[in-house]
Every structure is written in structure tokens, then in C-alpha cells.
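Heads up: the structure comes next, in C-alpha cells.
The values are calculated or read from the model by the stated rules, or taken from the named source; none is laboratory data. A quick note: this is a predicted structure, and the numbers were derived from the prediction, not measured. Using ideal geometry, Cβ is built from the backbone for each residue, glycine included, and neighbour counts are taken over all protein chains shown. Heads up: the accessible areas ignore ligands, DNA and RNA and are worked out on the full protein's heavy atoms, side chains in. Shrake-Rupley method; radii C 1.70, N 1.55, O 1.52, S 1.80 Å.
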Amino acid sequence: MGQGGWKGLCLSLFDYKTEKYVIAKNKKVGLLYRLLQLSILLYLVVWVFMVKKGYQDIDTSLQSAVITKVKGVAFTNTSELGERLWDVADYVIPPQGESVFVVMTNLIVTPNQRQDTCAENEDILNAKCSKDSDCHPGEAVVAGNGVKTGRCLRVGSAKGTCEIFAWCPVETKSKPAKLLLDEAEEFTIYIKNSIRFPKFNFSKTNVLDTKNSSFLKTCRFDLNNLYCPIFRLGSVVRWAGSNFQEMALEGGVIGIHIEWDCDLDKASSECNPQYSFSRLDNRFAEKSISSGYNFRFAKYYRDASGVEFRTLMKAYGIRFDVMVNGKAGKFSIIPTVINVSSGVALMGAGAFFCDLVLIYFIKKSHFYRGKKYEEVSSGHLEERKVNVEQLQTLQAVET
């Protein structure tokens, strides 16, 4: 490349190039272009900015703490336990007031168990036998209650079972026949939820900010009283779409969902908790062996001679899972500029689509294509060079 070529290249760096526009007098394409522009504008204004609030910076890193308390008492009179009063220390597990807790509603009691030898439950398949050799000493009973001793009780009987070393007598009942704590429907649950959005340093709680000490003793939650966190247990089960008496018989799982969707461009009073309730266990399979919710625990003691005994309890109850989600948004110039730029880019995409229609899909597309694109070849350049030389020669002769 010669000196003149390098000079031209350097000078071209300071040139400003602008586009050449062709105005196509086609009403159909023009209408299509305006409709695309209007659609993109509506999408940007209505969906991006009004619905999705694309002008806001969003914080989804919600920090949450949940404290729960249950209140209520119930009285029972059974052959196993006699007359007994039940309070929160008896039927709430665990007692610390966590976000996942169980309210016990039913109970099967096996009293006065001690470590001894006895017959395994007849319903345990692995414990059935017809002779002593069917019971291998030291072998644990699969899904049973103890370890085989090597003896078969009721030898020759169709209902022969292996003798085991276990807590005897073993538990016999598998499911309760009637509800024990039917008064639990009137128990109340206190759910205090404190949340914080760290990006905006915003905190709030679902308890009304008041100095009235009697407020929490008298109020009950409803849709018009969102800042009273006292829930009637029976109402929670009903809001989850279940019947309390049916659910409490064999237990179940209830999800309490608290949603915080906060627009921090508005006053903090506009940031309110939204509650929803759902049943999480298999409610549609009530006759299934996996339906309901239960667990076992025991209370131990010793008699006067020092022999250890226990009372085994198979508890049925309603498990509550308190789940908190949320997000907060506040105006920020960065997402606003990004979304506006995206809208402008979409406008360009609309023009590109209309160009395709104009030069490829309408009847006179070849005409518009010829106006939009100018074809230049090396032959045209040579012809232009000759014409310029002839013009210069003619001007020299005239001079």
C-alpha cells in the first residue's frame, strides 16, 4: 500500500457515516409497522413496567424468623390413662416453638412395658413360625419389636409366633378407633413472623405494633385482621380444605404459607403478609396404609425394686409447616435503563421484520428490493472511470 493509500485510510477514520433511508409508500407494510411499534410499546409499559415493575431493583434474599405457641387444654378419661388433663406441655412437640411443630390429637397407649421375653405381634410376617427352627436365636425381627430367642410359641398352630426379647407386652393396636383430643379443634396457634430484606435494610413483623396488652388475648386472624397472628386450629384445617375430626383421627400435615411481596416505593404500611393454607400429606388416599401422620415416644420410670418400666405412646397428630417466602422491590436507574434499552432494541426488530415483508413477501418486492439495495460490480467501476476520463478530456479541449 502506497503512501497515498495509508493517508486515505487514516483520514477515513474521521469520516462520519450515516444510513440512507428509503420511504416505502405501502399502506399495508406501514400499518404493520405501526401495529408492531404499538404492541412493543404496550408490552414495555404495561407488562414490563406496570405488572413486572421492571424499573425496580429486586431483593429475594429474605431473612425470616418464626416463633410459634399453642394454647388450649383438653380433658380425657380412658381405661389406659384414667382421668387426665392435657395442656401444651403434653400435646405440642417440640415445645420450643419452632416453624415445624406437631399438635397431638390422638394416642395409642401401651402401659407398663419392661424388657422381658414375650410373643411377637401376630401381624408381623417375619415372626410367624410352626417350629423352633423357624426362629433363629439373636436374629432381629424385620419391622418387629425385638430379637428372636429361638423358641416358637404355639407350636403347630397356624398362628404360631416367635418368642422375642423386647419391651413387653408389645404394642398390639395399629390404628385408633376414635378421636382422643376432640377439643383440640378450639386450640389456638400463635405464629410470629419477623422478616428482613438486607439489600434495602427493611424489616417488618406480622404482629400489630400496639401497646395494648389485651390485643393478642382477644383477637383472631381473618382476612380483615392480617396483623393478628392468632389462628384457631380448626379454622386452619378448614382453610386447608379438610375436616378437622377426620384429619385428627389419624393425623396429617398442614402447610401455612406466608408471602411478603413488598413495593418499597410505597409506604411500609403497604407491605402486608399474605397467608395461604394447604394440606401436604396424601389427603385423597385416606384408606391408604401411608395416609396420616404418627410417631412414637416413651416415658420411663422405675418401681420400688429398681426395675425399669416405660409407657409407650403412639401419637397421631397434625403437623404444621410454616413456610415464608417473599421479595421486595425499589426504584433503581440501572434496571430502568436496561428495560428501556431492551424496548428500543425490540423496535429495531420490528423494523427488520417489516423489511423482510417488504422485500420478500409482497407482490412488488423486487421493485422495493431494487430501491433498498444498490448493486455495484467491478465493471461498473471501470465504466465510471472511463466516463470520468472522457469528461476530463472534453473539458481540456474546451479550455
Exercise. Cross-link partners among aspartates and glutamates for K299, C-alpha distance below 20 Å, same-chain residues fewer than 8 apart left out?
Worked result: E80, E83, D87, D90, D116, E171, E308
Problem set entry | Selected from F231, F165, F197 as most flexible by GNM, with the chain as the system and alpha-carbon contacts under 10 Å | F165
Problem set entry | Length-normalised contact order of segment 120-161 in % [C-alpha pairs under 8 Å, at least 6 apart] | 44 percent
Problem set entry | FRET efficiency, S214 to S194 (Cβ-Cβ, R0 25 Å, nearest 0.05) | 0.70
Exercise. Of K52/K363; K148/K175; K52/K211; K53/K217; K71/K266, which ones are farther than 31 Å apart at the Cα?
Worked result: K52/K363; K52/K211; K53/K217; K71/K266
Seminar exercise, completed: Hull volume per residue for the chain, using the convex hull of the C-alpha atoms, in Å³ is 405 Å³
Problem set entry | Residue with peak Gaussian network fluctuation, the chain [Cα springs, cutoff 10 Å], from E122, E98, E250 | E122
Exercise. Under a plain spin-label model, where a point goes 7 Å from the Cα along Cα-to-Cβ, how far apart in nm are A177 and V357?
Worked result: 7.9 nm
Seminar exercise, completed: Computed over the chain, protein heavy atoms only, probe 1.4 angstrom, the accessible area per residue in square angstrom equals 64 Å²
Exercise. How far is it, in nm, from the label point at S291 to the one at V100 when both lie 7 Å from their Cα along the line to the Cβ?
Worked result: 2.4 nm
Problem set entry | Spherically averaged projected area in nm², based on the convex hull that wraps the Cα atoms of segment 76-207 | 13.2 nm²
Seminar exercise, completed: Measuring from its Cα centre, segment 186-265 shows a charge dipole (+1 at each Lys and Arg Cβ, -1 at each Asp and Glu Cβ) which, in debye to the nearest 20, is 380 debye
Exercise. Between the DSSP loop rule and a limit of at most 16 other Cβ atoms within 10 Å, which trypsin sites (Lys or Arg not before Pro) in segment 107-154 are left?
Worked result: K131, R154
For this session: Any chance you could look up the accessible area of I93 with a 1.4 Å probe, heavy atoms only, rounded to 10 Å²?
Result: 60 Å²
For this session: Choose one answer from K71, K52, K204: the residue with the largest mean-square fluctuation in a GNM of the chain with alpha-carbon springs under 10 Å.
Result: K52
Problem set entry | Longest to shortest principal axis, alpha-carbon extents of segment 1-137, angstrom | 110, 50, 39
Exercise. Fully extended, how many nm does the chain gain between R302 and Y21 (0.36 nm per residue separation, minus their Cα-Cα distance)?
Worked result: 91.2 nm
Problem set entry | Label-to-label distance, nm, for residues given as T336 and T117 (7 Å Cα→Cβ offset) | 8.6 nm
Seminar exercise, completed: Counting sequence-distant residues (5 or more places) and residues on other chains, those with an amide H built under 5 Å from that of I254 are L280, R319, F320, D321
For this session: Sort by residue number and name the cysteines in the chain that have no neighbouring cysteine Cβ under 4.7 Å.
Result: C10, C354
For this session: With the Cα gyration tensor of segment 214-311 in hand, give its eigenvalues times 5 under a square root as the equivalent ellipsoid semi-axes, listed largest first in whole angstrom.
Result: 39, 21, 13
Exercise. Dipole magnitude of the chain about its Cα centre, charges +1 at Lys/Arg Cβ and -1 at Asp/Glu Cβ only, in debye to the nearest 20?
Worked result: 1120 debye
